[in-house]
Amino acid sequence: MKRMISAIMLAILFAAPSFGWGREGHEVIAKIAENHLHPSVRKKVEKYLGGHSIVYYAKWMDDYRRTPEYIHTNRWHTAPVNAELRYDDSLLTSKGNAIYGLETSITALENYKELSDSAVAVNIKYIVHIVGDMHCPSHIKYTTYDWDYDVVMKSGARVTLHTAWDSSIIRACRIYSSTEWAEEIDLMSRREIARIVSGTPRDWFHESAVRCAVQFEWTSPGSKIDQDVLNSAMPLIETQILYAGYRLAAILNHLF
Ligand SMILES: [Zn+2]
């Protein structure tokens, strides 16, 4: 029986869509990052992306994760944290995870002049997307909290907690384009931004895991995402999106 239950749990885990922020979240993160790229860096990055912006490719990794060429990146969208809410190498499996994918891509681009143009382009696409995903509350795989349950949106729709964070909460509260949304929230001072981008991706992931653990106070299996929850959830989402945007810009500015 126990084996059957774990088989069912595994089936659910593998079937569950795991797309990180939806289009809205990824594009606004990239838009905020774009606002903070040095002009010369933006020019260089866009040259590698065939003239397109990082916003254009913000969701690309989700669209290509199951194609044979990129199947090795299928698990690079989430990462686990231990009981101290930190990622450590003992959590790495052969399938990789978001931290592994991000660190590998950053290392590759440290010597971008020695890479082919297409290798540079794909690593930029990985970084643009993964920095976003690792700031999504549902992409932090807590090993000490149960996160595999459904919640009920105000509309009555029953969704996984994962989907609620990826897109349902945003779609219930925000109808902006990425440009409009970025304009509304990209308001921090240079000094605040310098504090936010200090540290490493692993530090950022820990900080996110601590901040986002509050989701388990706000929700429980079958609970309703009512207006009170939405009123708390949106500021958390906007903080995560903003921090992701600033940190993405910092990585690209450092690399190029
Ligand atoms: Zn993703």
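Determine, for each peptide in 156-165, 21-30, 107-116, the mean count of other beta carbons within 10 angstrom over its residues, then list the peptides with the highest first.
Listed from highest to lowest mean packing, they are 21-30, 156-165, 107-116.
Modelled label-to-label distance, Ser90 and Glu103, 7 Å Cα→beta-carbon offset: nm?
Taking the two extended label points, one gets 1.5 nm.
For Lys154, give me every one of the aspartates and glutamates with a C-alpha distance below 14 angstrom, ignoring sequence neighbours fewer than eight places off in its own chain.
Those aspartates and glutamates meeting the cut-off are Asp226, Asp228.
From Cα pairs below 8 angstrom and at least 6 apart in sequence, can you work out the relative contact order of the chain, rounded to a whole percent?
Relative CO of the chain lands at 30 percent.
Between segment 161-217 and segment 85-144, how many Å separate their Cα centres?
Taking the Cα centre of each part, segment 161-217 and segment 85-144 sit 18 Å apart.
Could you give the accessible area per residue of the chain, probe 1.4 Å, as a whole number in Å²?
On a per-residue basis, 49 Å².
Taking just the alpha carbons, could you work out the radius of gyration and Dmax for segment 57-185, both in angstroms?
Every Cα atom of segment 57-185 included, Rg and Dmax give 16.6, 53 Å.
May I ask for log10 I(q)/I(0) of the chain at q = 0.08, 0.17 Å⁻¹, from a Debye sum over the Cα atoms as equal point scatterers with solvent left out?
Values, matching the q order: -0.30, -1.39.
In Å³ and rounded to a whole number, note down the convex hull volume per residue for the Cα atoms of segment 139-244.
105 Å³
For the chain, with all protein chains present and a 1.4 Å probe, just round the carbon and sulfur fraction of the accessible area to a whole percent.
Heavy-atom surface of the chain belonging to carbon and sulfur, 1.4 Å probe: 54 percent.
The values are calculated or read from the model by the stated rules, or taken from the named source; none is laboratory data. Since the model is a prediction, treat every value here as computed from it, not as a measurement. Here Cβ is always computed from backbone atoms with ideal geometry, including for glycine, and neighbour counts include all displayed protein chains. Heads up: the accessible areas ignore ligands, DNA and RNA and are worked out on the full protein's heavy atoms, side chains in. Shrake-Rupley method; radii C 1.70, N 1.55, O 1.52, S 1.80 Å.
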